[in-house]
Structures are given as C-alpha cells and as structure tokens.
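The values are calculated or read from the model by the stated rules, or taken from the named source; none is laboratory data. Remember, predicted model here, so these are calculated numbers, not experimental data. FYI the Cβ positions are ideal-geometry reconstructions off the backbone, even for glycines, and counts take in every protein chain you see.
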Amino acid sequence: MISEILEKLFPRNSSPTSSEEAKRRLKLVIAHDRVQLSPGMMELMRKDILEVVSNYLEIDSQEMELCLENEEDITVLTANLPIRRVKPNKSLTTPTLTNKQD
C-alpha cells in the first residue's frame, strides 16, 4: 500500500505507455458515462471551480486537471490545481449574527 502511494507521488516512468494512456482514457469515458456528465458540463464545472478557488489562490489554469475515476462502486472527482501563490487576504471578517429582540 505504501509503495502504491509512493509510486503515485514519485512515478518512476514519467511518460505512460500507450496502453496505460488508453486504459486511463477508457476509465475516464466509463466514469463520464456512469455519472452521465457531458463534456460541456465538465467544462462548466471546471470553470466554476476555477472561479471559486481563484478568489483565494492564484492557480495555473492551463495546468489544471479535473478527472473522474471509478473506484469500486464510487465515482470520484479529483481536481489537480497547481497553485502559483496565495492571494492576500481581502477581508477575513466573520459575519456576526444579530439577535434582535422586540
């Protein structure tokens, strides 16, 4: 198990073989089919996620990846968002609740 985690973090072979790439693409197609998510909807979701995260972080949008994967009976959405820098705090005031008594 630890070796699998290390392999994901530090792959020995940086370029996948054509069979590995075909397998990855097939898994992606199956995941899209399973959740019935069109490529257009996936792109809208990518833009929305980028917009929200960009409020707090400067993201390399060209390198951003969203991936759907099947893991047993669950479909997982993974976002890989390369962070260039943290944006300065605009205002981190916590909204307060007012307790009005009439």
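Tabulated data
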item	result
Checklist (1) loosely packed, with under 10 Cβ neighbours inside 10 Å; (2) in a helix (DSSP H, G or I); (3) at pLDDT 85 or above applied to residue 8, failing item	(3)
Residue within segment 62-73 that is in contact with a strand residue (DSSP E or B) (Cβ under 7 Å, 6 or more places away or on another chain) and modelled with pLDDT under 80 present	yes
Flag for residue 28 being at pLDDT below 80, in a loop (DSSP other than H, G, I, E, B), touching a Leu at 6+ places or on another chain (Cβ under 9 Å) and not β-branched (Val, Ile, Thr)	no
